Structures are given as structure tokens and as C-alpha cells.
Amino acid sequence: MDNQRLILFIVFSFSLLLLWEAWQEKHAPPPPPATAMNAPGGAANTPPVPDQGLNAPPAAPAQAGLVKGARAIVETDVLRATIDANGGDLRQLQLLSYRETQARNQVFTLFEDNPTEPYLAQSGLLGKDMPTHRSVFQLNPGTYRLTRGASQVEVPLVWNDPATGVRVEKTYIFKRNSYEISVRTRVINHGTQPVDLTPYYQLPRHSGAPRGSSFFLHTFTGPAFYTDAKKFQKVTFKQIGEGKAEFEKTADNGWVGLVQHHFVAAWLPEGSVKREYYARSLGHDLYSAGVILAEGTLAPGQQKVFTVPLYAGPQTQKFLEAAAPGLDLARDYGWLTPLAFPIYWSLAKIEHFVGNWGWAIIILTVLLKLALFPLSAAGYKSMAKMKKLTPRLQKLKEVYGDDRAKLHQAMADMYKTEKINPLGGCFPILVQIPVFIALYWVLLAAVEMRGAPWLGWITDLTAPDPFYILPFIMGITSILQVKLNPQPMDPMQAKIMMVMPVAFTVMFVFFPAGLVLYWIVSNILSIAQQWVINKQVQDGDKPAAGKA
């Protein structure tokens with residue numbers, strides 16, 4: 001197999017892998033409905049069922065819908081949130097600086113109490129006669145705005161139980177220019193009996209992909225956990241439904257979140273309080289991931305305050321790093337993370353200098369090509385020598401016909417005489433592939449490019465080219481690359497080599513413009529390098545004047 005076929009084979013295989021993952025995600029059979037065994041407290045009037053260790057919180061409301069009560073609307077410079085008195089839930093959350101992928105005139109919505117596809121943030125307290133996310137709080141309805149000059153705005157909710165003398169004050173705290181929402185809980189025990197404080201914080205969500213997701217670009221959507229011991233751990237909704245989700249269940253550190261393309265929501269308990277993580281199926285294609293904290297016992301006449309931040313926003317590198325240890329890993333580059341981080345850092349530095357992500361992609365691609373020039377040159381030189389031998393190889397095929405043993409022996413003798421290793425350029429090209437795949441994942445994960453224009457008709461580098469101009473150019477450059485390489489002697493292989501660029505072009509119609517732009521620049525630079533090397537080899541393997 002020559003180098004060009006090796007490259008196309010690997011790229012094509014990588015593309016097929018993405019398509020297969022997307023198909024699996026889309027067509028995977030739904031897990032069986034939750035039962036009392038795997039969804040504690042599933043029925044509305046059933047108390048929480050004890051789990052090993054700490055008690056599990058009641059399950060979220062099922063597909064029948066969420067009960068609506070008095071509501072507070074919160075508006076800051078970056079968020080618009082809706083808090084419901086029922087459970088004190090955070091029912092809706094819009095990120096004002098971002099737009100929906102398909103409906104560009106609509107503000108992006110992360111949380112929403114959609115009857116069939118809900119996604120929200122809930123909290124409560126376990127134990128008898130304590131408020132859960134099903135309890136009704138007292139809430140002063142209306143709009144709470146972050147006024148000019150104010151650093152934060154608070155929304156207080158109150159729950160009282162006259163029979164036990166327990167009062168719970170839940171306060172949402174929104175800060176200026178921040179996607180971090182603090183949930184402060186004050187428990188006051190006016191009664192005569194001690195009270196166990198076991199708060200829980202969870203994120204119920206449907207299992208569907210985010211709106212605007214592309215079948216051709218599969219990205220992870222699901223729960224993630226982080227602890228100092230096990231680091232970043234992802235679990236799929238399918239694994240949860242089958243009872244096969246593996247993650248660290250108990251720790252005194254870490255966080256729990258839900259990850260989707262470009263955005264993440266995560267409860268971030270502070271300090272070294274003991275905590276238990278969980279993920280469970282609620283039935284009706286709904287799931288919940290959360291954390292339970294052990295805050296001790298509250299004696300009569302005492303009160304205690306504990307605060308847990310909720311980060312709900314974009315996977316912007318600086319925001320994630322500032323929010324909590326390990327949260328930046330929610331911006332997942334997979335096994336290429338060690339390589340992807342320096343690539344993103346370089347891309348961000350270039351963008352800061354030029355002020356445009358499109359031009360930053362072009363410049364970074366050029367720099368990577370220059371850095372890998374010696375490696376790629378070896379591969380292209382090998383292909384050029386193979387192309388020079390193509391007429392002679394074709395004659396050998398005519399001489400030996402269908403006698404493949406003699407044909408292969410004659411070809412091997414020719415390679416030995418001409419001092420050519422047909423696989424000599426494979427290793428240098430293989431070394432480059434992780435770099436370009438890492439760059440692919442960086443461009444795919446970079447929420448900073450969401451809504452970022454390049455020039456002219458490209459107004460969003462994370463959306464497909466609306467006029468298909470970039471995919472068409474990419475297809476032309478791919479065909480030129482094939483033409484510059486030695487043609488396979490097998491007519492069927494030759495046809496496949498010409499069909500593959502067309503197939504890639506069709507696929508790239510659905511790819512984000514930023515990815516297609518990177519591919520075009522890479523192709524153009526490869527064509528230029530390959531053409532120069534081909535000319536050198538054809539001229540007797542002597543560098544032309546002024547050409548390196």
C-alpha cells in the first residue's frame with residue numbers, strides 16, 4: 001500500500017468511526033424503564049429508599065411533566081434564569097451570549113422544563129420531614145435584575161415545618177459576568193429533636209443529543225464525575241440504564257456534571273465534606289446524576305449554612321479552570337488530550353494576536369505544516385519515486401499478466417535496484433496523524449468559535465458552510481492530491497481513489513466550517529510540497545534553484 005492510500009485509508013476509517021458512533025448513539029435501543037429497585041423513590045408519594053451508605057434522593061418527576069408554581073425570573077449580564085417555588089428548582093437557563101445552532105435568532109437554552117425532554121438543576125435534603133425537590137417553597141415571584149453597579153443578585157426561598165420547628169432558607173446567588181450560580185442553604189432547628197443534614201444536588205436530563213447536533217459529528221452527551229483519585233470519568237446513559245456505569249461512588253472531593261457539545265453543568269461541592277455520587281435511570285428516557293453530602297447533625301436551637309456552586313455555561317477554558325479542579329477536562333479531547341491542550345493554547349494565542357478565529361486556524365495549520373515538514377517530505381519523496389516508477393511497473397504487469405508471484409518478485413527486485421522502500425514514507429506520515437486528529441478535536445470542541453465569523457459568507461465557524469463553497473474547494477484539492485500521487489495499477493483501486501474525495505466532499509458538507517477550512521489549508525500546503533518534491537525527483541532528485 002503506497003502512502004497516499006495509507007493516508008486516505010486512515011482518514012476514511014476515522015470518518016467511518018465517527019459515523020458509527022453517531023449511528024449507535026441515535027439508534028441504540030432505550031434501556032428498560034426504571035423500577036423501584038433502580039430508581040429509588042420513583043413514585044410521587046414513596047419515601048426515599050435507603051441505598052448503601054447515604055440515602056438516595058427521590059427521583060425526578062417523570063415524563064408526565066413538572067408541576068409549576070410561583071416563579072422568579074433572574075436576569076444578569078450573561079444569564080436569564082427561571083426558578084420555581086416547587087422544589088426550588090432551577091427550571092430554565094438561557095446563555096445570553098450564545099445562539100442556537102439552527103435557529104440563529106434564538107438565545108441558547110441550556111436548562112428547560114420541556115414536558116418530554118427536561119433538563120434542570122435540583123437540590124433538597126434527605127430525611128423525614130425535610131424539604132426535597134418536590135416540596136413547595138415560599139417565593140416572592142417576579143423579575144430579579146442585576147442592577148447597574150451591583151456585583152450580584154440574590155433570590156431567597158423559604159420552607160417551614162411548624163410541626164418539627166425546622167426552617168430551611170435556600171438562596172440562589174447570581175454574580176456579574178459569571179456562569180457560576182451559588183446555592184446557599186441555611187437550616188435552622190427551632191424544634192426539640194436533632195436533625196440530620198444530608199443535602200443532595202442533582203441534574204435530571206433526557207438522553208437525547210443537544211438541539212442542532214449533526215449525525216456526522218458525534219460528540220459525547222452524558223454524566224461525568226471527577227475525583228482526585230479517579231480523575232475525569234464519563235458514563236453513558238446506556239450504561240446507566242443497563243446498570244453498568246462505573247465511576248467512583250464515594251470521596252471527600254470532586255464534582256458531578258452533565259456534559260454536552262460546547263456546554264457543561266456541574267455541581268461543585270467545596271471543602272472536604274464526605275460525599276456520595278450517583279447516576280440512575282428514572283424511566284421514560286430520563287436520567288439523573290448527582291451528589292449527596294454528609295453535613296452532620298443539627299442540634300435543637302442551632303443553625304448551619306452550606307453553599308454549593310453550580311457551574312452552568314460554556315466550556316470556555318479560562319472559566320472551567322477557575323471554577324473547580326478538573327472541570328477543564330469536561331472539554332474532552334479523549335486520548336489525545338496531552339497533545340490537544342498545547343495545540344489549543346497555540347490557537348488561542350494566535351487568535352488573540354490576529355483577532356479572528358478563521359485566520360488563526362489558517363496560521364496554525366501553516367505552522368504545523370512547517371514543523372512537520374521534514375517528516376512529510378520523506379513520505380512525499382517516497383511517493384514521488386513510486387510515481388516515477390509507475391510506467392515501468394505497468395510494463396511488468398503486462399509481462400507477467402496474472403502470475404502474481406512473479407510480478408511481486410519482479411517489483412521487489414526493481415525496488416531493490418532503484419533503492420526504493422515502498423513503505424519508507426509510511427512512518428513519518430503516521431507520526432503526523434495524531435497531531436492532525438488532535439487539531440480536529442480542538443476545532444470541534446472550541447466553544448470560543450461558536451458564532452465566530454471568518455470572512456464573507458462564513459458567519460459561524462462551528463456551523464456548516466451555508467453555500468457549500470468550502471466543501472467544494474476541499475473536494476477539488478483532494479482530487480488534485482490524488483492526481484499528484486502514483487496511480488494504483490489495479491483499475492478498481494484507481495476508481496476507489498477517485499471516488500473517496502467525492503465521498504469526503506459530501507461528508508464535509510455537514511462539517512463545521514472551521515474544520516473544513518483547516519482541511520483545505522492542509523490540502524493546499526500538501527499539494528504545494530508534493531508538487532515541488534515530485535518535480536525534484538523527476539528532474540533527477542536534485543533540488544531546483546530557490547526551492548527547499
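The table below lists the values:
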{"quantity": "Single condition His262 does not satisfy, out of (1) buried (at least 21 other Cβ atoms within 10 Å of the Cβ); (2) out of contact with any helix residue (DSSP H, G or I) (no Cβ under 8 Å at 6 or more places or on another chain); (3) not acidic (Asp, Glu)", "calculated": "(2)"}
{"quantity": "Tabulated pairs, segment 99-117, first within 15 Å of Ala452 (Cα to Cα) and in a loop (DSSP other than H, G, I, E, B), second at pLDDT 85 or above and of a type in the set (Val, Ile, Thr), C-beta under 9 angstrom, 6+ apart or interchain", "calculated": "Glu100/Val107; Glu100/Thr109; Thr101/Thr462; Arg104/Thr459"}
{"quantity": "Complete set of residues in segment 327-348 that are crowded, with 21+ Cβ neighbours inside 10 Å, over 24 Å from Val366 (Cα atoms) and small (Gly, Ala, Ser)", "calculated": "Ala330"}
{"quantity": "Unique residue being aromatic (Phe, Trp, Tyr) and outside any helix (DSSP H, G or I) when the list is Tyr344, Tyr278", "calculated": "Tyr278"}
{"quantity": "Segment 125-178, subset among the basic types (Lys, Arg) and modelled with pLDDT of 95 or more, residue farthest from Thr307 (Cα to Cα)", "calculated": "Arg145"}
{"quantity": "Yes/no for Leu329 being in a helix (DSSP H, G or I) and either over 19 Å from His206 (Cα atoms) or touching a Gly at 6+ places or on another chain (Cβ under 9 Å) (or both)", "calculated": "yes"}
{"quantity": "Failed item in (1) open to solvent by less than 20 Å² (accessible area, probe 1.4 Å); (2) at pLDDT below 95; (3) closer than 30 Å to Gly191 by Cα, with Phe306 passing the rest", "calculated": "(2)"}
{"quantity": "Test result for Lys349, at pLDDT below 80 and of a type in the set (D, E, K, R)", "calculated": "no"}
{"quantity": "Within segment 452-476, considering residues that are among the hydroxyl-bearing types (Ser, Thr, Tyr) and surrounded by fewer than 21 Cβ atoms within 10 Å (Cβ to Cβ), the one farthest from Ser526 (Cα to Cα)", "calculated": "Thr459"}
{"quantity": "Qualifying residue in segment 453-465 (condition: under 19 Å from the mean Cα position of the chain (by Cα), modelled with pLDDT under 80 and under 24 Å from Gln260 (Cα atoms))", "calculated": "no"}
{"quantity": "Lone unmet requirement of (1) part of a strand (DSSP E or B); (2) farther than 30 Å from Asp196 by Cβ; (3) among the hydroxyl-bearing types (Ser, Thr, Tyr) for Ser123", "calculated": "(2)"}
{"quantity": "Subset of segment 114-131 (residues that are open to solvent by 20 Å² or more (accessible area, probe 1.4 Å) and within 34 Å of the chain's Cα centre (by Cα))", "calculated": "Asn114, Pro115, Thr116, Glu117"}
{"quantity": "Tabulated pairs, segment 172-184, first more than 14 Å from Leu90 (Cβ to Cβ), second open to solvent by less than 40 Å² (accessible area, probe 1.4 Å) and not β-branched (Val, Ile, Thr), C-beta under 7 angstrom, 6+ apart or interchain", "calculated": "Arg176/Leu146"}
{"quantity": "Criterion: of a type in the set (S, T, N, Q), more than 24 Å from Thr185 (Cα to Cα), at pLDDT 95 or above and surrounded by 18 or more Cβ atoms within 10 Å (Cβ to Cβ) - qualifying residue of Thr236, Thr227", "calculated": "Thr236"}
{"quantity": "Residue check for Thr390: at pLDDT 75 or above and hydroxyl-bearing (Ser, Thr, Tyr)", "calculated": "no"}
{"quantity": "Within segment 206-263, tally of residues that are part of a loop (DSSP other than H, G, I, E, B), within 17 Å of the chain's Cα centre (by Cα) and without any contact (Cβ under 8 Å) to a residue 24 or more places away in the chain", "calculated": "1"}
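To keep it simple, each residue is scored yes or no on (1) basic (Lys, Arg); (2) in contact with a strand residue (DSSP E or B) (Cβ under 7 Å, 6 or more places away or on another chain).
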residue: Leu217; (1), (2): no, no
residue: Pro223; (1), (2): no, yes
residue: Phe232; (1), (2): no, yes
residue: Lys238; (1), (2): yes, no
residue: Trp255; (1), (2): no, yes
residue: Ala265; (1), (2): no, yes
residue: Arg275; (1), (2): yes, yes
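The values are calculated or read from the model by the stated rules, or taken from the named source; none is laboratory data. These numbers were taken from a predicted model, which means no experiment stands behind them. Here Cβ is always computed from backbone atoms with ideal geometry, including for glycine, and neighbour counts include all displayed protein chains. Protein only, heavy atoms only, side chains kept; ligands, DNA and RNA dropped before computing areas. Shrake-Rupley method; radii C 1.70, N 1.55, O 1.52, S 1.80 Å.
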